[in-house]
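Undergrad: Got a structure for you, written out below as structure tokens; questions coming shortly.
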Amino acid sequence: MWCGRRAALLVGGVLGAALACALVLWFEARRVAPAHAWPQLSVGLGIGSAAGVEHGFFAFDARLESWPESAFEPLPGAAIGASAGGAFTLAPLAR
Amino acid sequence: MIARTKALAALAADNVAAHALGYCAACAPLFFTLVLWVAGAAIAEGLRREGLQAAERGPDILLSARALGRHVPIDSELALRLRALDGVERVERRVLGTAQAGPTQLLVAGVESTRLHTAIELEAGSMPKSAGECIIGAELARELGLKAGSRLALEAALTRVYTVSGVLRATDALAGAKALIVEVEEAQALFADARVSELCVWTRPGYSAAVAAASLRALPTGVAVTRDETRAAVSAAANLRSGALSALLAPVLALATACFCALSWFANARRGTEIALYKLAGFTGGDLLILSMIENTFVALALGSSAFLCAWIWVRLFGAPLLAPYLIPDLGLFPEQVIPSAFAPLPLGLALALAFTTTIAGSILATWRLSLARPLKAFA
């Protein structure tokens, strides 16, 4: 039925490519992501760190951050853990 | 009807096969654009998945401080106070900073010693056993030519010499690819600063991380980021990355479409003769349009699927050379690190759809106009 050998080759090639794509998708669906030594490390290195969140980028953002020493004000210790009247308390968490 | 369509499909296959080189030339710009787009979309999706995985296994809350609109170090003692509070299961300190190793600036990550001494699978070497030892990312090891046992002088507030005890695997988290990891105390000594960059807080079961974060935000200069916010930020970053790539490639795609139309035009005279012959053989205008559509379907299937396969080979087998540094800052042109990527059915479907619409747009109008012309005109 096919007009010629070239046409059969073309159809075979197209079907072969489609089959290869299906195989790739099957392989990808079954593929297990490589286990990371420390998945949490990524968070610490910028994925989810405050800097990373703010920049909207995920890797190596910490390098872009500079910490102006003169701008630093120590956190007031009195506010920490002061359950009565302090600025910080986890009392509202209790269910 | 089915027999007619089969005959038209056979004829279309023969036509495409007969002019395969011409189709290859016309489709080449589109092919390269699609390969770039599919590869970029796969890397953006891989980064999203890796980011979400990290957020899932990371802390419930990340606490940092801010002054003058910028992030500043936080008091290390705060970790002790937080640990004593109800609702807090665990608090880990982290130091993130940059140091010089000769001309190379690298990222120094200080993590809790318990985390650093937990045995993990490394590419080479072992976990640090003393304060003067560190582990490094695979990309950093390649750049600086380091291996387990090498010595490295780091310059920050002080100059300290470390021994590389181990190298992370190339398949490990991308964020650690160019990092040097030491204990928190060691990083503090290196930077001559007793503070930390941030605190990672895990809340006890039964306590809401969102409520805890709201409480922590009441601290002066306190910035608390919950896991949900991290997930949202990771997704937003991935969308931004793939969106930027798509926006960049959109004009290239338009140019490729125009290129396909222009190159198709050169075959117009030959096509006119073919169509005239078909009409003399009794083909209707509808038959000719169906024939053209089937031809374009063959071309689009070959184009879209081969672009997808090439993108997969480029990213998975060769590690996305040349493209990776565009999407991930600081990576070299030929990165050692395995680039996270995920090939989903959607990019394949979109590649096929783009290939089909482009090829059909480039040929259907010409076919229709030629099908209206008198057959004898083509032989004049």
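Undergrad: Only one of these conditions is not met by B:Glu121: (1) surrounded by 14 or more Cβ atoms within 10 Å (Cβ to Cβ); (2) within 30 Å of the chain's Cα centre (by Cα). Which number is it?
TA: (1)
Undergrad: Please indicate, with yes or no, whether at least one residue in segment B:232-254 is surrounded by 14 or more Cβ atoms within 10 Å (Cβ to Cβ), in contact with a Pro (Cβ under 9 Å, 6 or more places away or on another chain) and not hydrophobic (A, V, I, L, M, F, W, C).
TA: No, segment B:232-254 contains no residue that is surrounded by 14 or more Cβ atoms within 10 Å (Cβ to Cβ), in contact with a Pro (Cβ under 9 Å, 6 or more places away or on another chain) and not hydrophobic (A, V, I, L, M, F, W, C).
A quick yes/no check of all residues on (1) over 21 Å from B:Arg90 (Cβ atoms); (2) out of contact with any helix residue (DSSP H, G or I) (no Cβ under 9 Å at 6 or more places or on another chain):
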position: B:Leu158; (1), (2): yes, no
position: B:Val161; (1), (2): yes, yes
position: B:Val164; (1), (2): yes, no
position: B:Leu190; (1), (2): yes, yes
position: B:Ala214; (1), (2): no, no
position: B:Arg231; (1), (2): no, no
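Undergrad: Something else: I need the full set of residues from segment B:312-357 which are closer than 22 Å to B:Gln105 by Cα and touching a Lys or Arg at 6+ places or on another chain (Cβ under 7 Å), in order please. Show your work before the answer.
TA: Going residue by residue through segment B:312-357, those that are closer than 22 Å to B:Gln105 by Cα are B:322, B:324-339.
Matches in segment B:312-357: B:Leu327, B:Asp330, B:Glu336.
Undergrad: Which residues, taken from segment B:42-73, are small (Gly, Ala, Ser), facing chain A (nearest Cβ under 8 Å) and assigned to a helix (DSSP H, G or I)? Before the answer, list the steps.
TA: We begin by selecting, within segment B:42-73, every residue small (Gly, Ala, Ser); these are B:42, B:44, B:46, B:51, B:54-55, B:58, B:64-65, B:67, B:69.
Now drop any that are not facing chain A (nearest Cβ under 8 Å), which leaves B:51, B:54-55, B:58, B:64-65, B:67.
Hits for segment B:42-73 are B:Gly51, B:Ala54, B:Ala55.
Undergrad: Of the residues that sit in segment B:81-118 and are more than 7 Å from chain A (Cβ to nearest Cβ) and among the hydroxyl-bearing types (Ser, Thr, Tyr), which one is surrounded by the most Cβ atoms within 10 Å (Cβ to Cβ)?
TA: The residue in question is B:Ser113.
Undergrad: While we're on this one: Go through segment B:326-345 and count every residue that is in contact (Cβ under 8 Å) with a residue 40 or more places away in the chain and under 25 Å from A:Cys21 (Cα atoms).
TA: Within segment B:326-345, residues that are in contact (Cβ under 8 Å) with a residue 40 or more places away in the chain and under 25 Å from A:Cys21 (Cα atoms) number 8.
Undergrad: Sticking with this one: Mind checking whether some residue in segment B:224-231 is more than 30 Å from B:Leu372 (Cα to Cα), within 10 Å of another protein chain (Cβ to nearest Cβ), of a type in the set (Asp, Glu) and out of contact with any strand residue (DSSP E or B) (no Cβ under 6 Å at 6 or more places or on another chain)?
TA: Initially, segment B:224-231 is screened for residues more than 30 Å from B:Leu372 (Cα to Cα), giving B:224-231.
Still in the list and also within 10 Å of another protein chain (Cβ to nearest Cβ): B:224-227, B:229-231.
Next cut, of a type in the set (Asp, Glu) only: B:229.
Of the ones still in play, those that are also out of contact with any strand residue (DSSP E or B) (no Cβ under 6 Å at 6 or more places or on another chain) are B:229.
Scanning segment B:224-231 turns up at least one residue that is more than 30 Å from B:Leu372 (Cα to Cα), within 10 Å of another protein chain (Cβ to nearest Cβ), of a type in the set (Asp, Glu) and out of contact with any strand residue (DSSP E or B) (no Cβ under 6 Å at 6 or more places or on another chain).
Undergrad: For segment B:91-140, what are the residues that are hydrophobic (A, V, I, L, M, F, W, C), closer than 25 Å to B:Arg204 by Cα and touching a helix residue (DSSP H, G or I) at 6+ places or on another chain (Cβ under 6 Å)?
TA: Keep residues of segment B:91-140 that are hydrophobic (A, V, I, L, M, F, W, C), which gives B:91, B:95-96, B:99, B:101, B:106-109, B:111, B:116, B:119-120, B:122, B:124, B:127, B:131, B:134-136, B:138, B:140.
Checking the rest, the ones that are also closer than 25 Å to B:Arg204 by Cα come to B:91, B:95, B:111, B:116.
Those that are hydrophobic (A, V, I, L, M, F, W, C), closer than 25 Å to B:Arg204 by Cα and touching a helix residue (DSSP H, G or I) at 6+ places or on another chain (Cβ under 6 Å): B:Val91, B:Val95.
Undergrad: Can you tell me which of B:Gly332, B:Gly282 is on the phi > 0 side of the Ramachandran plot and assigned to a loop (DSSP other than H, G, I, E, B)? If you could, list the steps in order and put the result at the bottom.
TA: Details: B:Gly332 fails: on the phi > 0 side of the Ramachandran plot.
From the options B:Gly332, B:Gly282, the qualifying one is B:Gly282.
Undergrad: Something else now. Take the conditions more than 22 Å from B:Pro73 (Cα to Cα), buried (at least 22 other Cβ atoms within 10 Å of the Cβ) and within 13 Å of chain A (Cβ to nearest Cβ) and apply them to B:Leu140. Does it pass? Don't jump to the end; show me each part of the working.
TA: Values: more than 22 Å from B:Pro73 (Cα to Cα): yes; buried (at least 22 other Cβ atoms within 10 Å of the Cβ): yes; within 13 Å of chain A (Cβ to nearest Cβ): yes.
The answer is yes for B:Leu140.
Undergrad: Can you tell me which residues in segment B:47-85 are of a type outside the set (Lys, Arg) and free of Cβ contacts under 8 Å to residues at least 40 places away in the same chain? Quick ask: steps written out before the conclusion?
TA: Taking segment B:47-85 and keeping what is of a type outside the set (Lys, Arg), we get B:47, B:50-56, B:58-65, B:67-69, B:71-80, B:82, B:84-85.
Scanning segment B:47-85 gives B:Gln53, B:Leu68, B:Gly69, B:Glu77, B:Leu80, B:Ala84, B:Leu85.
Undergrad: Does B:Gly332 satisfy the condition of being surrounded by fewer than 17 Cβ atoms within 10 Å (Cβ to Cβ) and either under 30 Å from B:Arg270 (Cα atoms) or over 20 Å from the mean Cα position of the chain (by Cα) (or both)?
TA: Details: surrounded by fewer than 17 Cβ atoms within 10 Å (Cβ to Cβ): yes; either under 30 Å from B:Arg270 (Cα atoms) or over 20 Å from the mean Cα position of the chain (by Cα) (or both): no.
Spelling it out, it is not the case that B:Gly332 is surrounded by fewer than 17 Cβ atoms within 10 Å (Cβ to Cβ) and either under 30 Å from B:Arg270 (Cα atoms) or over 20 Å from the mean Cα position of the chain (by Cα) (or both).
Residues checked against (1) assigned to a helix (DSSP H, G or I); (2) in contact with a strand residue (DSSP E or B) (Cβ under 6 Å, 6 or more places away or on another chain); (3) β-branched (Val, Ile, Thr); (4) more than 14 Å from B:Leu34 (Cα to Cα):
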residue: B:Cys261; (1), (2), (3), (4): yes, no, no, yes
residue: B:Tyr278; (1), (2), (3), (4): yes, no, no, yes
residue: B:Asp287; (1), (2), (3), (4): yes, no, no, yes
residue: B:Ala311; (1), (2), (3), (4): yes, no, no, no
residue: B:Glu336; (1), (2), (3), (4): no, no, no, yes
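Undergrad: If you don't mind, another one. Need at least 2 residues that are within 19 Å of B:Glu336 (Cα to Cα) per element, so show me which helices (runs of 4 or more DSSP H) inside segment B:90-199 make the cut, counting only ones lying wholly within it. Please lay out each step first, then the result.
TA: Values: elements: B:113-116, B:138-144, B:184-191.
Qualifying helices (runs of 4 or more DSSP H): B:138-144.
Just so you know, all these numbers are worked out from the coordinates, no wet-lab data involved. Predicted model only: the values in this text are computed from it and were never measured. Note: ideal-geometry Cβ built from the backbone for every residue, glycine included; neighbour counts use all protein chains shown.
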